[in-house]
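The values are calculated or read from the model by the stated rules, or taken from the named source; none is laboratory data. Predicted model, so just to flag it, every value in this text is computed and none were measured. No Cβ is skipped: glycine too gets one built from the backbone with ideal geometry, and neighbour counts run over all protein chains shown.
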Amino acid sequence: TAAARGAVVLTRVRALALTGTGARVRDELTGEEGEIRARAVINASGVWADGLVDGIRIRPSRGTHLVLRPDCLGPLPAGLHIPIPGESNRFVLVLPQDDGRVYVGLTDEPVQGAVPDVAEAPETDIGFLLDVLGSVVDVPVRRDDVVGAFAGLRPLLDTTAGTGASARTADISRRHAVLTSSEGVVTVVGGKLTTYRRMAEDAVDTAVRVRGLAAGP
């Protein structure tokens, strides 16, 4: 959509540093570095956002989904919401697809250490989801019924530091936040896939206001 409206999209280019009026970047294929100038800069780099702007603390959380082979659960005319044992407001979703495959997810696990470029689904996540599923279905679902798994990372804004609140990523708010640095960089973090349009709107509105830009309706 952005490219169709005239935006220039640069792939395989890494942002090294941001200011309110530009970015220092590096071509990951050639190693060449350069400057990009702009009237406004929005940091929407997800789980890497705190590496580009000071004063932001991100708690990455891994969410894993499984793909089960067709018919391993028998006829499944509707999806399921399975309460996670010991939790008051967390569920595992079981979502049948038109081709017979079934999606099962998702986890909420903190990412320890360096944030990976590509999230992978570990066996611990796969086992956890199979155990929760097995707690409510009569048909045994085995590891070889899993034909695929995929994972993503949530860029949760950590507001618990120094508060004594729970350190679990599952307890961190999913609400998005739009923050402006002292240099004028607008950062958007948090949120969910279902709120991406509101996140984009809030980030752009903030950039227009902070940088004094003219904008149409």
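Assorted remarks:
- Selection status of D50, over 28 Å from V189 (Cβ atoms) and of a type in the set (D, E, K, R): no
- Here I36, I42, I84, I56 are screened, and the one residue that is closer than 30 Å to A215 by Cα, modelled with pLDDT under 95 and out of contact with any Cys (no Cβ under 7 Å at 6 or more places or on another chain) is I56.
- Filter result (among the aliphatic types (A, V, I, L, M) and within 22 Å of A151 (Cα to Cα)) within the stretch 74-104: L80, I82, I84, V92, L93, V94, L95, V102, V104
- Residue that is nearest to Y196 (Cα to Cα), among those in the stretch 1-43 that are in contact with a helix residue (DSSP H, G or I) (Cβ under 7 Å, 6 or more places away or on another chain) and surrounded by fewer than 15 Cβ atoms within 10 Å (Cβ to Cβ): V9
- Of R211, R154, all but one fail to be farther than 14 Å from R59 by Cα, surrounded by 14 or more Cβ atoms within 10 Å (Cβ to Cβ) and either touching a Gly at 6+ places or on another chain (Cβ under 7 Å) or touching a residue at least 24 places away in the same chain (Cβ under 8 Å) (or both); the exception is R211.
- Residues that are more than 30 Å from T180 (Cβ to Cβ) number at least 2 in the following strands (runs of 3 or more DSSP E) confined to the stretch 1-93: 58-68, 80-83.
- Residue check for R90: basic (K, R), touching a residue at least 60 places away in the same chain (Cβ under 8 Å) and under 15 Å from T169 (Cβ atoms): yes
- Taking the criterion of being polar (S, T, N, Q) and in a loop (DSSP other than H, G, I, E, B), the residues of the stretch 174-217 that qualify are S181, S182.
- Yes/no for D138 being part of a loop (DSSP other than H, G, I, E, B), more than 16 Å from the chain's Cα centre (by Cα) and surrounded by fewer than 18 Cβ atoms within 10 Å (Cβ to Cβ): yes
- Applying the condition of being touching a His at 6+ places or on another chain (Cβ under 9 Å) and not in a loop (DSSP other than H, G, I, E, B) to the stretch 97-124 and asking which residue is surrounded by the fewest Cβ atoms within 10 Å (Cβ to Cβ) yields Y103.
- Looking only at the stretch 46-64, residues that are under 13 Å from the mean Cα position of the chain (by Cα) and either farther than 19 Å from G22 by Cα or without any contact (Cβ under 8 Å) to a residue 40 or more places away in the chain (or both) come to 8 in all.
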